[in-house]
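Below: one structure, written as structure tokens.
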Amino acid sequence: MAEEHGRKWDRCLADTAVKTVTGLGVGIVFSVLLFKRRTWPVAFGSGLGVGMGYTNCQNDFRLPYLIHGRMVKDQ
Amino acid sequence: MLRACLRGANATARNNCRRNPLTSVQHCRHYTAGETSGATKVVAAGLLTVSSGIGGTILYAKWDHKFRAAVEKNVPYSDLLFSLALGPSSQEGLPIKKQVKLAIVVRCVFVTFLYCYGVCFENEVAFCVYMFALEECKECHDHKDTPVTAVVHPNTESPVAMEPLKERPVEEVAARLAQQDQEEQDILASVSASLEESLASSAKTTLQAIGAQEAALQAITQHTHKLKEAMEAEKSAQWKDLEAALANRTCAMNDASTALLKANETLGSLKSVIDKSKGLNIAAVHPLVLAAEENLHNMIVDLDKVVTKVQSAESEAKIVSQYSELVNEAKQQFQREVSSLTPEIQANWKGLTGKLSADDLNALIAHAHRRIDQLNRELAEQRVREQIHIDAALEQQKLEDQKALEKAVNTTLQHVKEEARLEQERKLGELREVMEAEMRTQLRRQAAAHTDHVQDVLKVQEHELRAEAEQVLSSKMLEQETRYRQLNQEQLDNFTLDMNTAYARLKGMEEAIDSHVVAEEEARKAHQLWLSVEALNYTLKTTDSDLPTIPLKSAAEAVRDSCHDNDFALALASALPEESLHRGVYSEASLRARFNSLRSLARRVALIDESHNSLYQYFLSYLQAALLFEDEQKAPPTQLSREDLDPFKLLSYASYCLEHGDLELAAKLVNQLRGETRRVVEDWLTEARLTLETRQVVSLLSAYANAVGLGTTQAP
């Protein structure tokens, strides 16, 4: 279980990072495309990403018995 | 009291007066006076009545207790008053006596009153009543005493009276009856003998007397006849005959008188005997007595008849003799006269017709003429006095006749009375016989009834007695049977007991031998078990630091094989957890190391519990873990309190325990963790549990094996 905890953290962090970057990216895109290079969509997007990641992480921690499935491709 | 009420009345009146001062004083006074007098009168009268009533009630209650009781019952609080006035009411200890006394007193009063009345008024009725009352008084006095004495007496008499009422036994009765009969017979015999004797003697004497009397009668008649003849005929031979007859007569009369006396004597004795036998009062004697009496009577009658005959003959003879005497006297006188006249001429002058001279003859004739004159004169005188003489003679005769009649009447009366009495006696005897016969029949009937009754009673008694006896018999038989059965049973039981003991001993011996064999077997098995358990124990020790032991499966199998008939060992062997069998268990050291590594993680998530935890909580718990310092190892207390359930403390306790080799306690302590910490150390806990389980089972098994081995070792 200790490893699980570590794994959870790894996953969580990874997920948050990904989401943040993704949000940042989307924000940048939107800011460039739609909002005339304003900063707020970038912040918004990154914030969105962070928030999603945070929530995911929180949920993951709150529901410990939820098993994360993994698709196994048959080789 | 009167004065008090008067005063009270006056006071009230004055008050009344004071209340209306406007009215005139005189009026007031008049009113008050009137009122006072009226009120006083009324009040006084009422009080007087009440007090007299109460006093009378008290006095009467003193005299009559019943009244007192009734008043006490009906009027409340009257008993207090009575007890105050009279003292407590005495209980009716002797009411009856008192009533009786009262009655007697009343009666005596009545009696004296009557006496006075009678005396005053000389009333016979009153006297009679008084006497009657006196009698009654006496009676009641006596009765008053006699019940008491009679009560006492029957108590003493009844036990005494009980005894004579006991029925005499039959033999005694029969003996008595026989004795009585015998006595009666004897008496009868004696009486009849005596009676017969006396009867015979008296009959004889009577007959003798009668004969003598008849002879006397004959003699008398003969004598008188002879006398008459002699007087008429005047012959000397006849005189001789007469003398002879006289002598005969006197002799006969003497004989007769003596015989009569004797007869009377014997009759008297017979009568006495009869009376004596009558006095004996035995029924069978009566006919004899009666017959004897009749005979006696007849004899007496005959005797009397003969005696009367003799007496009449005597009287006749007396007359005749008187006549003859007169004649003789005359003759004598004549003779004397003649002899006086003619002294030479002797008696028997008839033969002297030639011897007489003319003077003599003339003198004789003159004498004769004188005599004839004299006789004529006498005759005339006699004729004159005839009537008187006849009357006198008649009177005399009447008297004599009357006397004789009286005597005859008396005798006949006596005879008749005697006859009547005899008849009565005869009738009585007959009646008695009849009654006796009747009584006999009744008695016989009664006896028959009695025998019937006695028979019935005897039958019933017999029945009852038989039933009783049978019951007793049956009960005794039952008792005997039960006792016999009991004895039998006892014997059987004893035998069974002996047999059982012998059998048990045999069995015991057999079992001992078998158990020896079994024990040997057991010992062998125990050894085997022990060996296998030791092997199992050894496998537990084959661990590296982080890797579990080798699977215990084979060892467990060995153990199971060595104890396949031992349920306990089997159960224990099968109680080994699967994981340990297949995978093996971790050693304590590895668990310790793992724990140490886990500890930091557990510390880090200490603040996370089961509720909704956010990442912020995680951050805080991380901060806490960073900032909080606790002892590395801390000795756990004997009892955990609320503060001790803090994860940090628990972890330190657990570390301490682990360091000191107490995995169990460490696991217990770790078990107290909650929340995320618990989830983190769950795995470790599971492992620890597994290890503990396995170790426990193995230790049990080894203990068991040891015990079994110890048990099977034969004590020297």
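Laid out as a table, the results:
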{"read-out": "Complete set of residues in region B:651-680 that are open to solvent by less than 30 Å² (accessible area, probe 1.4 Å) and at pLDDT 90 or above", "value": "B:Leu651, B:Ser652, B:Tyr653, B:Ala654, B:Ser655, B:Cys657, B:Leu658, B:Leu663, B:Ala666, B:Ala667, B:Leu669, B:Val670"}
{"read-out": "Inter-residue pairs, beta-carbon under 9 Å, first within 14 Å of chain B (Cβ to nearest Cβ) and in region A:42-67, second surrounded by fewer than 18 Cβ atoms within 10 Å (Cβ to Cβ) and of a type in the set (Asp, Glu), 6+ apart", "value": "A:Met52/A:Asp15; A:Gly53/A:Asp15; A:Asn56/A:Asp15; A:Cys57/A:Asp15; A:Asp60/A:Asp15; A:Pro64/A:Glu4; A:Leu66/A:Asp60"}
{"read-out": "Which listed residue is surrounded by 11 or more Cβ atoms within 10 Å (Cβ to Cβ), over 30 Å from B:Ile300 (Cα atoms) and free of Cβ contacts under 8 Å to residues at least 24 places away in the same chain, from B:His463, B:His367, B:His389", "value": "B:His389"}
{"read-out": "Filtered residue count, region B:188-205, keeping only those that are open to solvent by less than 80 Å² (accessible area, probe 1.4 Å) and out of contact with any Leu (no Cβ under 6 Å at 6 or more places or on another chain)", "value": "11"}
{"read-out": "Candidate set from region B:681-705 (those that are more than 14 Å from chain A (Cβ to nearest Cβ) and in contact with a Phe, Trp or Tyr (Cβ under 7 Å, 6 or more places away or on another chain)); member that is most open to solvent (accessible area, probe 1.4 Å)", "value": "B:Tyr704"}
{"read-out": "Contacts under 8 angstrom Cβ, first residue in region B:67-82 being on the phi < 0 side of the Ramachandran plot, partner among the basic types (Lys, Arg) and surrounded by 12 or more Cβ atoms within 10 Å (Cβ to Cβ), 6 or more apart", "value": "B:Arg68/B:Lys62; B:Phe82/B:Arg68"}
{"read-out": "Residue in region B:626-646 that is among the small types (Gly, Ala, Ser), within 14 Å of chain A (Cβ to nearest Cβ) and not in a helix (DSSP H, G or I) present", "value": "no"}
{"read-out": "Qualifying position, being open to solvent by 100 Å² or more (accessible area, probe 1.4 Å) and part of a helix (DSSP H, G or I), among B:Leu473, B:Leu458", "value": "B:Leu473"}
{"read-out": "Neighbours by Cβ (under 6 Å, 6+ apart or cross-chain): first from region B:586-603, away from chain A (no Cβ under 13 Å) and in a helix (DSSP H, G or I); second small (Gly, Ala, Ser) and open to solvent by less than 40 Å² (accessible area, probe 1.4 Å)", "value": "B:Leu591/B:Ala688"}
{"read-out": "Residue that is nearest to the other protein chains (Cβ to nearest Cβ), among those in region A:1-28 that are open to solvent by 50 Å² or more (accessible area, probe 1.4 Å) and more than 20 Å from A:Gly53 (Cα to Cα)", "value": "A:Met1"}
{"read-out": "Some residue of region B:607-623 being part of a loop (DSSP other than H, G, I, E, B), more than 9 Å from chain A (Cβ to nearest Cβ) and open to solvent by less than 50 Å² (accessible area, probe 1.4 Å)", "value": "no"}
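The values are calculated or read from the model by the stated rules, or taken from the named source; none is laboratory data. Worth saying up front: this structure is predicted, and the values here are computed from it rather than measured. Here Cβ is always computed from backbone atoms with ideal geometry, including for glycine, and neighbour counts include all displayed protein chains. Ligands, DNA and RNA are excluded from the accessible area calculation, which covers all protein heavy atoms including side chains. Shrake-Rupley method; radii C 1.70, N 1.55, O 1.52, S 1.80 Å.
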